[in-house]
Amino acid sequence: MESKNCVKKVYVETMGCQMNKSDTERILGMLSHFGYEETQEPKEADLLIINTCSIRQLSADKAYSAVGVWGKWKDEEKKKELAQKPFRNIKIAFCGCVAQQDKEKLLKRFPFIDLVFGTNNVYELPYLIERINNGERVCATNETPKKFTDGEEEAKYDIKRAKSLNAWIPIMEGCNNFCTYCIVPFTRGRERSRKPAEIMEEAKKAIKDGFKEITLLGQNVDSYGKTLDPNKDYDGRDVTLANLLRDLNKIDGKFRIRFVTSYPTDITDDLIAAVKECDKVCEFFHIPMQSGNTDVLRAMNRRYTREEYGEIVQKIRKTFQNVAITSDFIAGFPGETEEQFNDTLTAIDEFELDYSNTAAYSPRVKTKAAKWTDKFIDEETKSDRLARLNEKNREACLKSNEKCVGRVFEILVESYEEKNGDIILAGRAENNKIVHFKGDKNLVGQFVNVKITSASTWHLRGELA
């Protein structure tokens, strides 16, 4: 006899980037309309969903491990059913970039998975859930999002945002660059932008609901608007990230605006000007460089040189006093020499990067670089280079943070902890640096001025100004 619950429970484990987190919020919002309630305890769930990332093999392996555990739980419930004992009819769904990449292979490899759905099928989820609840095993991984015919509209569902002060708002998805190491064009498709009116509506609701910060998301967020018609979608104005920021900045209320991720050569003078003139837009740019060597950048199919990247950084630093510029780097790209790798280390110093995400190269299926097996660098060398890259990153972070000592920053207080009888608050400055200071826990969610008194590698310490 199947155990009966008044409300079915769903658990979602999310891996990877902010776009995946945003997808999860939309998934939970949709399911809330169809009798599902979120739980933080996976063993309580009737529906288990894993939202995956395929940027590196390690992320995919973690996803496989997680669903393997869930499969054992499902077997245990099946044994209860055969013994005519109360059981839960567990359903398991696998989504995200790994789902888009591996498709039907996942159903064959994991016979306990009921549903595989890709990044372009999120809004079909209610229909897909209905099918698996009727006993089907389903794989839905369209290469492109569904196109709606005239008179037919995409269903609108609430977004069940995570409990935080920041609301993720995707403004575009996909990528046209086809960097030789990157799987995104194959898992997220080509670039496509949301209409400004939809974004404005979502942002206004987030602010009304009490969020203090909105972050605009896109694989290449600076390319926003290229797939839209100015006359049809934006009152004849150019549909650009710069103009979108200007419109968002006019929304009433005290809040911040951020955007990620920027492609270096897509950062226009108008975008820099918009960040400067809009008081709610944070002085923070995340600009992945990936390598400090021009020849490696060419092999990666990145559309800039080391010198051109430096010119963009210099232009931004001349415009803003307290700006933070962060980046991404890959160690051990196929064919990278020791001298070329050292150019990455010197780039971090030369461009005074405040922080960088780092990773050793991981070959991804369908990408061009994955076929260059004769150029692959051995794991020991990659690990050594990654360790040195991480050490350089730590040095850069500390150096950047030490420059903040003595300054006063406006901090959005995000959390607190009790330590040795004191309340230690944690928040972020406009430039995204984390600041710890003593205060009242009732300040969580508020903007306060804090004077920085000392710096460590990963955060700043201060006192209420």
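The values are calculated or read from the model by the stated rules, or taken from the named source; none is laboratory data. It should be emphasised that the depicted structure is a prediction, and the values quoted were computed from it without experimental measurement. Cβ atoms come from the backbone with ideal geometry, glycine included; neighbour counts cover every protein chain shown.
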Subset of region 252-271 [in contact with a helix residue (DSSP H, G or I) (Cβ under 6 Å, 6 or more places away or on another chain) and under 16 Å from Arg317 (Cα atoms)]: Ser262, Pro264, Ile267, Asp270, Leu271
Would you please list the contacts, defined by Cβ atoms under 6 Å and residues six or more apart or on different chains, that run from a residue in region 374-391 that is among the hydroxyl-bearing types (Ser, Thr, Tyr) to a residue that is part of a helix (DSSP H, G or I) and modelled with pLDDT under 95? none
Do the conditions hold for Ala203, that is, is it at pLDDT 95 or above, in contact with a helix residue (DSSP H, G or I) (Cβ under 8 Å, 6 or more places away or on another chain), among the small types (Gly, Ala, Ser) and more than 24 Å from Asn20 (Cα to Cα)? no
Subset of region 348-374 that is assigned to a loop (DSSP other than H, G, I, E, B) and of a type in the set (Val, Ile, Thr) - its residue that is modelled with the lowest pLDDT: Val365
Tell me which residues, restricted to region 404-425, are in contact with a strand residue (DSSP E or B) (Cβ under 8 Å, 6 or more places away or on another chain), surrounded by fewer than 18 Cβ atoms within 10 Å (Cβ to Cβ) and outside any strand (DSSP E or B). Val405, Gly406, Arg407
So in region 186-240, with the set limited to residues that are in contact with a strand residue (DSSP E or B) (Cβ under 6 Å, 6 or more places away or on another chain) and aromatic (Phe, Trp, Tyr), which one is surrounded by the most Cβ atoms within 10 Å (Cβ to Cβ)? Tyr224
So which residues in region 237-293 are in contact with a Cys (Cβ under 7 Å, 6 or more places away or on another chain) and either in contact (Cβ under 8 Å) with a residue 60 or more places away in the chain or among the acidic types (Asp, Glu) (or both)? Arg256, Arg258
Restricting region 39-61 to residues that are among the β-branched types (Val, Ile, Thr) and surrounded by fewer than 21 Cβ atoms within 10 Å (Cβ to Cβ), the one nearest to Gly29 (Cα to Cα) turns out to be Thr39
So, of the residues in region 433-465 that are in contact (Cβ under 8 Å) with a residue 60 or more places away in the chain and in contact with a strand residue (DSSP E or B) (Cβ under 9 Å, 6 or more places away or on another chain), which turns out to be surrounded by the fewest Cβ atoms within 10 Å (Cβ to Cβ)? Trp458
Among the listed residues Arg306, Arg302, which satisfies the condition of being among the basic types (Lys, Arg), modelled with pLDDT of 95 or more and more than 23 Å from Ala396 (Cα to Cα)? Arg302
In region 159-204, how many are in contact with a Pro (Cβ under 9 Å, 6 or more places away or on another chain) and basic (Lys, Arg)? 2
Hey, does region 329-347 have a residue that's among the charged types (D, E, K, R), surrounded by 15 or more Cβ atoms within 10 Å (Cβ to Cβ) and modelled with pLDDT of 95 or more? yes
Run down Glu311, Glu283 and say which single residue is of a type in the set (Asp, Glu), out of contact with any His (no Cβ under 8 Å at 6 or more places or on another chain) and buried (at least 17 other Cβ atoms within 10 Å of the Cβ). Glu283
Would you point out the residue of region 147-188, among those that are of a type in the set (Asp, Glu) and in a loop (DSSP other than H, G, I, E, B), that is modelled with the highest pLDDT? Asp158
Test Lys403 against the criterion of being of a type in the set (Lys, Arg), at pLDDT below 95 and at negative phi, and give yes or no. no
Would you check if there is a residue in region 383-390 being crowded, with 21+ Cβ neighbours inside 10 Å, assigned to a helix (DSSP H, G or I) and not assigned by TED's automatic domain parsing to the domain that holds Ala429? yes
Please determine, by comparing only the residues of region 241-280 that are surrounded by fewer than 17 Cβ atoms within 10 Å (Cβ to Cβ) and touching a Lys or Arg at 6+ places or on another chain (Cβ under 7 Å), which one is farthest from Phe211 (Cα to Cα). Thr265
Among the residues that make up region 241-261, is at least one of them of a type in the set (Gly, Ala, Ser), within 21 Å of Asp222 (Cβ to Cβ) and in the same structural domain as Lys205 (by TED's automatic domain parsing)? yes
Condition check: closer than 30 Å to Gln446 by Cα, in contact (Cβ under 8 Å) with a residue 12 or more places away in the chain and β-branched (Val, Ile, Thr). Does Ile214 satisfy that? yes
Just checking, does region 307-320 include any residue being touching a Lys or Arg at 6+ places or on another chain (Cβ under 9 Å) and in a loop (DSSP other than H, G, I, E, B)? yes
